[in-house]
Structure formats: C-alpha cells, structure tokens
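Worksheet: one structure, shown below.
The values are calculated or read from the model by the stated rules, or taken from the named source; none is laboratory data. All values derive from a computational prediction rather than experimental measurement. Cβ placement follows ideal geometry from the backbone for every residue including glycine, while neighbour counts extend to all protein chains displayed. The accessibility values were calculated without ligands, DNA or RNA, using every heavy atom of the protein model including side chains. Shrake-Rupley method; radii C 1.70, N 1.55, O 1.52, S 1.80 Å.
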Amino acid sequence: MTSILVACVGNIFNGDDAFGVEVARRLSGVTLPDGVRVIDFGIRGIDLTYALMDGYDAVILVDAAQRGQAPGVVSVVEPDLNEAGDSTTPEDLALSPHELDPTKVLRLASALGGSCRRVLLVACEPLTLGGEEGVMGLSEPVTAAVAVAVETVEELIDGMMAA
C-alpha cells in the first residue's frame, strides 16, 4: 500500500499564507484512499519535520508560494530533494517557531535521516501576505484557487495510488 502525507502549511494571520490551511479544511470533507493522511501543520515546522521521518512513500506539500505568476495560479512543483538536503549549516537547519519554511524542513528531515522518495509542492501564488500588521482571510483570487488545489491534490493522489 502506498502511504501519502498531504502536509498543508501556512499562517492564518498573514492573508494568503493561510492557503494551505484552507485546503486542509476543505480536504477534511473529502473521502480519500486508505494510506492518505491530511494534516494542517500551520507554522509548526518541527512537527512537519518529524512527520517526514515517518516513512511516507510521498508527501504533497500545500502552501502559498511566490513564483512570479498571477495571484491565484496553482502550480505543482517537484523540488530537487538532493538540492534541498545539500546544505547542513546551522542556519540552513534552524526552524523558526513563527513561520514554516518548507525548504528548511526538508533539509532538516534529510539531515536527520528521513528518506521520503517523492515530494511535490502544490503552490498558489499569493496576492497579499498581510504585511507588517498581518491580515486574516484569503484574497479573492486565492479563495477561488482553493477548489483548484483540492482537485489537484486529489488527482495527484489518484496518480500515485495507481502507480
């Protein structure tokens, strides 16, 4: 049986950064195959690091990511796990209790011996991340992108389970 972790991340106080959190909420109402686990990690990077050590066959990260596209565009990216694990300086492995940097989490998990074979990122281009004051709630284009991301995650899971 294939085991898949859908790891949704984001900060609800930073506008569109809450994208992953909202995707997790929507996925909680969807029936997914056995072996698939959806977790809203919020900004708890150390919890995600430990989850990556649990021997999943694949991880689908869901997060807002600035990739230079129009706000609300959803894309699937397969990070180079060798590149993510290359740097092991203390700065590259340090996790902040106030934010979650997926690259640092992947580096730390790799340094600790984690061996997930495949990681995909379902990313949404944010419109706003709240600025210094922060803001609650997703912008209109990112709200519309949540349904697209849920469908994308379901398609990725179906493809992985069929492989």
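Quick notes
- Which numbered condition VAL62 fails, given (1) at pLDDT below 90; (2) under 17 Å from LEU156 (Cβ atoms); (3) of a type outside the set (D, E, K, R); (4) surrounded by 14 or more Cβ atoms within 10 Å (Cβ to Cβ): (1)
- Failed condition for ARG67, given (1) in contact with a strand residue (DSSP E or B) (Cβ under 8 Å, 6 or more places away or on another chain); (2) farther than 16 Å from LEU121 by Cα; (3) modelled with pLDDT of 85 or more: (2)
- For region 125-143, the set of residues classified as on the phi < 0 side of the Ramachandran plot and assigned to a loop (DSSP other than H, G, I, E, B) consists of GLU125, PRO126, LEU127, THR128, LEU129, GLU132, GLU133, MET136, LEU138, SER139, listed by residue number.
- Single residue of region 1-49 satisfying the filter (within 12 Å of the chain's Cα centre (by Cα) and on the phi > 0 side of the Ramachandran plot) that is surrounded by the most Cβ atoms within 10 Å (Cβ to Cβ): GLY10
- Scanning region 129-149 for residues that are among the β-branched types (Val, Ile, Thr), open to solvent by 20 Å² or more (accessible area, probe 1.4 Å) and within 18 Å of the chain's Cα centre (by Cα) yields THR143, VAL148.
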